Amino acid sequence: MSNIPSRVSVIIPSYNESENLKLLLPNILHVLPSARIIVVDDSIGEERIHTEHICKRDAARIIYVSRNNKLGRGSAVLKGLKVALTNNSAQVFIEMDADLAHDPKEIPALLLKMNQADMVIGSRYLRGSKIIKWPASRLVQSKIINFLLKYWLGLHISDYTNGFRAYSRKASKYLTSIRLFEKGFISLSEIAYKLQKKGFIVAEVPITFTDRKFGKSNADIKELITSLIGVIGIKMRG
């Protein structure tokens, strides 16, 4: 696997995920010992304190960024990319959820695909993908959203809304230089749309997606309605 980039930064947006981060962070560093991890945390109160404490156990490799307010997953990733880009040696930037839905052992598959693309999406809906222990209601909701996104945005991808991705340095610099309007998880679709419209190459690899072990999902009916409205704006804004 000598073609895997050696200088990798991992961005993790977090909101009330301290229990999951206890397990996730060491697992990432086991797979990528030289990686730099940026946790962008929107938690407040005791949860923020717990998350900061977990991250500072390995302050040499984990950067903790607290925003002390729920400002949205998309904006958290952009903040993390801006911090990660200050490391001039970083080649590839991984985005992944804090809730253990994404397995760090699959990061190398994304990195290998980066030899052919500017952004690689870990897809739940390709041949070879698996979804484990996800409630049927969430699966149906996800498939409906992805169907609508494919119809409306017309990109040649299978999974518009999964936040397990790799970005090249060039793509990351572009994303942090433009205005992105969506702040929640629908920002994932806006990012894919913006990159492909600009001529960046977007690819996918199959992954195994597992429902969270601890805590509660932040996706609710309000987020769904807001996202569907946001989808309309993504294409109309060009």
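Read-outs: derived from the displayed coordinates by stated rules, not from any lab. Here the structure is a predicted model, which is why all the values come from computation and not from measurement. A quick note on method: Cβ atoms are made from the backbone with ideal geometry, for glycine too, and the neighbour counts reach across all protein chains shown.
Observations on the model:
- For ALA76, net neighbour charge (Lys/Arg +1, Asp/Glu -1) across residues whose Cβ lies under 14 Å away: +1
- Here the extension length gained between LYS22 and LYS198 equals 59.6 nm, from 0.36 nm per residue of separation less the Cα-Cα distance.
- Taking other C-beta atoms within 10 Å as the exposure proxy, ASP103, ASP118 rank ASP103, ASP118 from fewest upward.
- Amide H to amide H, with H built 1.01 Å from N, SER66 comes under 5 Å of ASP41, counting only residues 5 or more places away or on other chains.
- For GLU204, residues with placed amide H under 5 Å, excluding near neighbours: ILE121
- Per residue of the chain, the DSSP helices (runs of n ≥ 4 H) give a summed -39500 (n - 2.57) that works out to -13000 deg cm²/dmol at 222 nm.
- Using θ = phi - 60° in the Karplus curve 6.51 cos²θ - 1.76 cosθ + 1.60, the 3J(HN,Hα) couplings for region 112-127 round to 4, 5, 5, 5, 10, 8, 9, 9, 10, 9, x, 9, 8, 10, 9, 4 Hz; x is entered for Gly and Pro.
- Put a dot 7 Å past the Cα of LYS133, heading toward its Cβ, do the same for HIS156, and the two dots end up 3.7 nm apart.
- Likely footprinting exposure, PHE93, PHE147, PHE214, fewest C-beta neighbours within 10 Å first: PHE147, PHE214, PHE93
- Each label was represented as a point 7 Å from its Cα along the Cα-to-Cβ direction; for ARG179 and ILE49 these points are 4.0 nm apart.
- For the residues GLN91, GLN196, GLN141, a GNM of the chain with alpha-carbon springs under 10 Å puts the largest fluctuation on GLN141.
- Neighbourhood net charge (11 Å Cβ-Cβ; Lys/Arg +1, Asp/Glu -1) for ILE38: +2
- Structure-derived semi-axes √(5λ) of the Cα gyration tensor in Å: which label, when the choices are (1) 28, 22, 17; (2) 28, 19, 17; (3) 24, 21, 18: (3)
- Placing a label point 7 Å from the Cα of THR208 along the Cα-to-Cβ direction, the residues of region 148-188 whose backbone N falls under 19 Å from that point are 163-165.
- Filter on LYS113/LYS150; LYS56/LYS213; LYS133/LYS197; LYS150/LYS198 - keep pairs with C-alpha separation over 27 Å: LYS133/LYS197
- Applying 1/(1 + (r/R0)^6) with r as the Cβ-Cβ distance of PHE147 and ILE229 and R0 = 22 angstrom yields a FRET efficiency of 0.85.
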